[in-house]
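Heads up, the thing below is written out as structure tokens.
FYI, it's all coordinate maths here, none of it is from the lab. These numbers come from a predicted model, not from an experiment. Don't worry about glycine lacking a Cβ; one is built from the backbone with ideal geometry, like all the others, and counts go over all protein chains shown.
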Amino acid sequence: MASKKKKKQIIKDDFYLTGQILVAMPQMQDPRFKSAVIFMCGHDEQGAMGIVVNKLIDSVTLADLLEQLDIARDIPLNDLKVHYGGPVEIGRGFVLHSSDYLGENSVEITSDIALSASTNVLNDVVQGNGPDHLLLALGYAGWSSGQLENEIMQNGWLTLPADGSILFDKDPQTLWRRTLQKFGVDPDHLFAHTGHA
């Protein structure tokens, strides 16, 4: 119940970005976030936390993770890739998923998107009882109080509404460009005007 109260307070303030996406601007200097699309799981006066949804970790497979966690797979999960969620706590797993599934430790971010950081959701997924849509990520993106606001003011990020078609997209390599185009932003136009007021 406490998380729902907090969510309502955040939504009242137009600047807080919980439930929205950040899209890295072309001039983003940090290589960890170049062309990143990030779903914002939390944002308030204390700071912000999000999951990068368009970068894969090629060196880790789902089978590797399930083996490390001693989770037996009952159904094929060939299309489930492991994402780079961000540079903070890269060894920690998160599952961003549709809210048709809400486990004990799931946190509802919006009416249709939730986040789980427990292995319970993976146990349910491999048994065929998990959410309809999910994204498995290692690590997250985090900002201290005021840090994200400063980066936005310096034109590091574009903020856009989020939806499941972006978060659970099957082609992360082209997602940055397609997300901008979906909202009527021409990525080439952004490149042409980088550094100009």
- Under the 7 Å Cα-to-Cβ spin-label approximation, Asp188 and Gln154 lie apart by a distance in nanometres of 3.0
- Task: Would you mind computing, in nm to one decimal, how far apart the modelled labels at Asp100 and Gln46 are, each placed 7 Å from Cα along Cα→Cβ?
- Result: 3.2
- Message: Taking just the alpha-carbon atoms of segment 103-144, what radius of gyration and Dmax come out, in angstrom?
- Response: 11.3, 38
- GNM top mover of Leu136, Leu56, Leu65 - the chain, alpha-carbon springs below 10 Å: Leu65
- Phi to ³J(HN,Hα) by Karplus 6.51 cos²θ - 1.76 cosθ + 1.60 over segment 151-165, Hz, x for Gly, Pro: 5, 5, 5, 8, 6, x, 9, 10, 9, 9, x, 9, 8, x, 5
- Burial ordering of Lys170, Lys55, Lys81, fewest other beta-carbon atoms within 10 Å first: Lys170, Lys81, Lys55
- Message: Need one word for segment 88-197: rounded, prolate or oblate. Basis is the Cα gyration tensor (sqrt eigenvalues a ≥ b ≥ c); a/c below 1.5 gives rounded, then a/b vs b/c decides.
- Response: prolate
- Tell me, in nm to one decimal, what length is gained between Leu56 and Lys170 on full extension, where the rule is 0.36 nm per residue of separation less the Cα-Cα distance? 39.9 nm
- For Ile71 paired with Asp163, estimate the spin-label separation in nm (one decimal), with each label point 7 Å from Cα along the Cα-to-Cβ line. 2.9
- Rounded to two decimals, what is Rg over Rh for segment 2-192 when you use alpha-carbon atoms and the Kirkwood radius? 0.96
